[in-house]
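A quick write-up on the structure given underneath.
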């Protein structure tokens with residue numbers, strides 16, 4: 001796509017168009033438009049969109065990335081919460097019959113992507129077993145974590161997610177144990193996907209400029225990793241509980257989570273079985289060790305419940 005075709009995503013065009021229609025970027029919606037055309041192309045090319053892809057875009061803005069996606073994808077569902085931007089996107093995408101524009105909040109609540117949006121995706125996958133679902137978005141900062149995290153809990157699952165997000169969030173996703181960025185999110189992402197930071201983006205790549213650096217992040221689903229965890233939703237909640245008070249000893253977090261099911265001796269037995277010291281913290285455990293802890297703790301809780309029953 002040429003610079004001329006992408007002229008609707010330059011600073012001069014956007015600022016002029018916004019003045020013309022009497023609107024400004026809205027902080028409450030996390031509106032920071034990617035105006036560096038080379039980086040916009042990189043975001044697009046990193047997703048390797050093809051004719052068998054159904055693409056979800058959240059935070060479609062004025063429709064520049066949507067136009068690029070529509071040129072390659074089987075279908076694009078572009079979601080925009082802002083009514084004025086939605087109307088601008090309607091104008092720029094009027095000639096694309098493989099685009100569905102949706103004006104709504106992408107999140108039903110902080111723990112769920114809106115079912116109606118996923119139903120749109122599902123409707124364009126059904127009857128086409130060769131098709132794959134991808135998320136490709138310049139994500140608003142304020143919804144990035146719940147969108148990415150929760151898409152991994154709902155059907156259909158995205159085969160690939162390529163997004164611009166805060167650099168700090170991207171670094172948390174790829175963090176290793178015993179580092180400051182390692183968290184429940186690190187485990188949640190790495191236990192079922194491959195995560196790669198494609199490029200760090202300076203504030204100047206956006207309008208208005210955010211106060212922090214951003215990153216293009218590529219997240220690829222790994223079905224084998226995912227299938228190795230028997231109850232993914234329960235494991236997710238377990239991991240979040242273990243990191244609830246980051247600096248607390250893991251022993252205390254286990255006691256808190258299983259306070260009605262286990263005694264202190266029971267928790268100590270678990271740690272001894274797994275050869276963890278009483279002073280170990282959640283941030284020190286690898287994903288494999290956290291999964292072992294989860295399985296042993298759940299088995300212990302079930303055993304105690306059965307013996308009491």
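The values are calculated or read from the model by the stated rules, or taken from the named source; none is laboratory data. None of the values given here were measured: they were computed from a predicted structure. Please note: Cβ atoms are built from the backbone with ideal geometry, for glycine as well, and neighbour counts cover all protein chains shown.
Among the residues of segment 258-266, are any under 18 Å from residue 237 (Cβ atoms) and in contact (Cβ under 8 Å) with a residue 60 or more places away in the chain? Checking segment 258-266: not a single residue is under 18 Å from residue 237 (Cβ atoms) and in contact (Cβ under 8 Å) with a residue 60 or more places away in the chain.
For segment 175-193, the count of residues that are in contact with a helix residue (DSSP H, G or I) (Cβ under 7 Å, 6 or more places away or on another chain) and in a strand (DSSP E or B) is zero. Out of segment 85-126, which residues are farther than 24 Å from residue 33 by Cα, over 16 Å from the mean Cα position of the chain (by Cα) and either in contact (Cβ under 8 Å) with a residue 60 or more places away in the chain or surrounded by 13 or more Cβ atoms within 10 Å (Cβ to Cβ) (or both)? Hits for segment 85-126 are 120, 121, 122, 123, 124, 125. Scanning segment 26-59 for residues that are in a loop (DSSP other than H, G, I, E, B), touching a strand residue (DSSP E or B) at 6+ places or on another chain (Cβ under 7 Å) and either at pLDDT 95 or above or closer than 16 Å to residue 82 by Cβ (or both) gives 32, 47, 49, 52, 59.
Could you list, in sequence order, the residues of segment 265-279 that are outside any helix (DSSP H, G or I) and surrounded by 14 or more Cβ atoms within 10 Å (Cβ to Cβ)?
Our first condition is that a residue be outside any helix (DSSP H, G or I); within segment 265-279, this holds for 274-279.
Listed by number, the residues that qualify are 274, 276.
From the list 156, 129, 146, exactly one residue is in a helix (DSSP H, G or I) and over 16 Å from residue 195 (Cα atoms). Which is it? Testing whether each residue is in a helix (DSSP H, G or I) and over 16 Å from residue 195 (Cα atoms) leaves just 146.
All conditions but one from (1) assigned to a loop (DSSP other than H, G, I, E, B); (2) modelled with pLDDT of 85 or more; (3) within 17 Å of residue 207 (Cα to Cα); (4) out of contact with any strand residue (DSSP E or B) (no Cβ under 6 Å at 6 or more places or on another chain) apply to residue 85; the one that does not is (1). Of the listed requirements (1) at pLDDT 95 or above; (2) under 11 Å from the mean Cα position of the chain (by Cα), residue 153 misses just one: (1).
Inclusion of residue 37 among residues that are touching a residue at least 60 places away in the same chain (Cβ under 8 Å) and in the same structural domain as residue 129 (by TED's automatic domain parsing) is not warranted. Each residue in segment 181-195 was checked for being within 14 Å of residue 169 (Cβ to Cβ) and over 13 Å from the mean Cα position of the chain (by Cα), and 4 of them qualify. The residue pairs whose first member lies in segment 58-69 and is within 16 Å of residue 98 (Cβ to Cβ) and not assigned by TED's automatic domain parsing to the domain that holds residue 98, whose second member is surrounded by fewer than 24 Cβ atoms within 10 Å (Cβ to Cβ) and modelled with pLDDT under 90, and whose beta carbons are closer than 9 Å, counting only pairs six or more residues apart or on different chains, do not exist in this structure. One residue stands out in segment 24-56 among those that are farther than 20 Å from residue 215 by Cβ and surrounded by fewer than 16 Cβ atoms within 10 Å (Cβ to Cβ): the one that is farthest from the chain's Cα centre (by Cα), namely 24.
Residue 23 fulfils the conditions (1) outside any helix (DSSP H, G or I); (2) modelled with pLDDT of 85 or more except for a single criterion, (2).
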